[in-house]
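J.: First, the structure itself, so that you have it in front of you.
The values are calculated or read from the model by the stated rules, or taken from the named source; none is laboratory data. Computed from a predicted model, the values in this text were never measured in an experiment. Every residue, glycine among them, receives a Cβ derived from its backbone with ideal geometry; neighbour counts consider all protein chains shown.
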Amino acid sequence: MQTCFRVFRKPLINSAFKPRRTRRPKRPTWREKLHSDRRQSENQEARPSHMILVNELVGILSNSYFPGSNADTYMRLNVGGKSYYVRAELYTAEWTRMHELLDSSHEERLKMVDGFDNKTGEYYLERNTKLTDHVMDFFVTGSLHKPQNICVERFKEELEYWKIKPDQLSSCCQIPSEHHHHPSRKLSHGTSFNEDDYVADFDGACFAGARLTMWRFLEDPQSSLFAAIFALLSVFFVFASVVGLILGSMPEFQADSSNAAAYHVMHVRSRPNDYGNKFDNNDEVAPNELLKDFVYKPTDSPNLPLTILEYICIGWFTFEYLVRFFIYPRKREFVKKTLNIIDLSTILPFYLEICLPLFGVESRLKEFTGAMLVVRVLRVLRMARVFKLARYSTSLQTFGHTLQSSITELSMLSMFLITGIVFFSTIMYYLEKDEPHTDFYSIPAGCWWCVVTMATVGYGDAKPVTTLGKLVATSTSICGIIVLAFPISMIVEKFATAQQRAIEDQQIQQAQMSAVANNALLRRFPTRRKVRRNTTVSVNNNI
């Protein structure tokens, strides 16, 4: 008898609300792992090498510069070793280099940068990080500021690299207008050391290369050792000529020095209150009988050594001026320059004095006081050779620029002084004219006293006697201090500006001379940037 068992399935109640059990995946055994690793290695070896490189590069690109979604992408820049993360949605002006980088593909960026690092995904730019920080701040905030203690021309070069216009600078850091219009502006002494300006001036001239080299030798003492020696030699002749001119006015150094001792004795005895009885009547040097009718007249005829020194110095100045004149191609501009006018004024009086006796004019001029005054003015102009030092002295150049820029302040000072002098001298004249032995016998005499008092010098040769006169003198002195205070403070500010400009000129000179030296080297050797750009276009290069 067979027994039949039937299995009845129990119906599911609320099966839709019960969680479905998931089966845990089976763990592979060590044998399966071994076979799987072998198969992967065989497939890896079977693929071409360039496919492996492309896959790795895609992984790097996707993980490095695009860490987030497409709406939050970044571009990595490495400027001089410092990394910057720039959002692709950063708003920049279309003419800037940053906009070109953000709006370009990877291949186009490789042509614009100096290198590319595959490991970090950074585009490398060989720039100064101190300047780049301010540039990046401009791209982020929209406000551009000039860093302190940075040359203006160097900062302009950085702005030109990033294609940022100088007018984007904030009002607190505006560059003077002369820097905008003259990228390589003239130096303080009127000579530019920019090689492009030199080439433009000498372009088309005969022997342009030799003349350009000679001009740089004459104008730039820092160009070579021989140029520095030439400049020192010129300064030596300037000092020698000035010293010779000063010594030539002394009685001991005249061509006829026999009256030198008598002149000193006469000078001492004419001022007994200052020197006392230094020489008595029995003095063998110059007794009173000889000094009774003695009248010393300077002859302006120095002795032979000083005359020879004068000829040598004038010969050097003439040689220097003629060499500069014939080398420089633009003669009119050369004659109009201030330093060249000074050079001409130092040698012209000497030759005029030589030419007058040749025409027989000197003997006739002694009869005419006005004509002799002209000759003496020419002799006084010899002292203009002191200003030749301005070619080699930055301080004198700064002083000249201060006077030139302070014409308004000096005019205002002159008007204040003239008004005060006329006012107080007139009052002093009417208060003191009736006193016996008064020093204020006229208004012009009172003007001299007023000038000395308002300038706070006080010689003491003229002084008031009355009480009201002393009160007016006190008011004059106080007003003089007030009048001098206001314009002088503005002139001092102008001097500080001129001094700062002179420092900038020196920095420009050093930068331009360095650029000239670098350009000479780059003509012979390729630049590091070109070499790196040629090698880093390929993706396999790592910096």
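J.: Answer yes or no as to whether Val265 is within 23 Å of the chain's Cα centre (by Cα), modelled with pLDDT under 60 and assigned to a helix (DSSP H, G or I).
T.: On the way: within 23 Å of the chain's Cα centre (by Cα): no; modelled with pLDDT under 60: yes; assigned to a helix (DSSP H, G or I): yes.
Against the criterion (within 23 Å of the chain's Cα centre (by Cα), modelled with pLDDT under 60 and assigned to a helix (DSSP H, G or I)), Val265 does not qualify.
J.: Follow-up. Restricting to the stretch 452-472, what's the tally of residues that are part of a loop (DSSP other than H, G, I, E, B) and touching a residue at least 24 places away in the same chain (Cβ under 8 Å)?
T.: The initial filter retains those residues of the stretch 452-472 that are part of a loop (DSSP other than H, G, I, E, B), namely 455-466.
With touching a residue at least 24 places away in the same chain (Cβ under 8 Å) added as a condition, the list becomes 455-456, 463-466.
Qualifying residue count for the region: 6.
J.: Evaluate the following for Leu410: is it surrounded by fewer than 18 Cβ atoms within 10 Å (Cβ to Cβ), outside the structural domain of Ile314 (by TED's automatic domain parsing), in contact (Cβ under 8 Å) with a residue 24 or more places away in the chain and in a helix (DSSP H, G or I)?
T.: On the way: surrounded by fewer than 18 Cβ atoms within 10 Å (Cβ to Cβ): yes; outside the structural domain of Ile314 (by TED's automatic domain parsing): yes; in contact (Cβ under 8 Å) with a residue 24 or more places away in the chain: yes; in a helix (DSSP H, G or I): yes.
Answer is yes for this residue.
J.: Exactly one condition in (1) β-branched (Val, Ile, Thr); (2) modelled with pLDDT of 85 or more; (3) assigned to a helix (DSSP H, G or I); (4) surrounded by 13 or more Cβ atoms within 10 Å (Cβ to Cβ) is false for Thr419; which is it?
T.: Looking at each condition in turn, Thr419 falls short on (4).
J.: I would also like to ask the following. Of (1) under 29 Å from Gln500 (Cβ atoms); (2) modelled with pLDDT under 75, Val375 satisfies all except one. Which?
T.: (1)
J.: Just checking, how many residues over the stretch 121-172 are assigned to a loop (DSSP other than H, G, I, E, B) and of a type in the set (Val, Ile, Thr)?
T.: Here is the first cut: in the stretch 121-172, the residues assigned to a loop (DSSP other than H, G, I, E, B) are 121, 126-128, 142-143, 145-151, 162-165, 170.
Going one step further and asking which of them are of a type in the set (Val, Ile, Thr), we end up with 150, 164.
Selection size over the stretch 121-172: 2.
J.: While we're on this one: Take Leu233 and decide whether it is modelled with pLDDT of 85 or more and either outside the structural domain of Pro349 (by TED's automatic domain parsing) or loosely packed, with under 13 Cβ neighbours inside 10 Å (or both).
T.: Considered against the rule, which asks whether it is modelled with pLDDT of 85 or more and either outside the structural domain of Pro349 (by TED's automatic domain parsing) or loosely packed, with under 13 Cβ neighbours inside 10 Å (or both), Leu233 comes out as yes.
J.: Something else about it: Which members of the stretch 325-338 meet the condition of being crowded, with 18+ Cβ neighbours inside 10 Å and farther than 21 Å from Ala210 by Cα? Break it down stepwise before answering.
T.: As a first pass, look at the stretch 325-338 and keep what is crowded, with 18+ Cβ neighbours inside 10 Å: 327-328.
Result: no residue meets the conditions.
J.: Here is a further query. Find the residue count for the stretch 467-476, including only residues that are small (Gly, Ala, Ser) and either crowded, with 16+ Cβ neighbours inside 10 Å or modelled with pLDDT under 90 (or both). Walk me through how you get there before you give the answer.
T.: Taking the stretch 467-476 and keeping what is small (Gly, Ala, Ser), we get 469, 473, 475.
With either crowded, with 16+ Cβ neighbours inside 10 Å or modelled with pLDDT under 90 (or both) added as a condition, the list becomes 469, 473.
Number of matching residues: 2.
J.: Exactly one of these conditions fails for Leu322: (1) at pLDDT below 85; (2) surrounded by 11 or more Cβ atoms within 10 Å (Cβ to Cβ). Give me its number.
T.: That leaves (1) as the condition not met.
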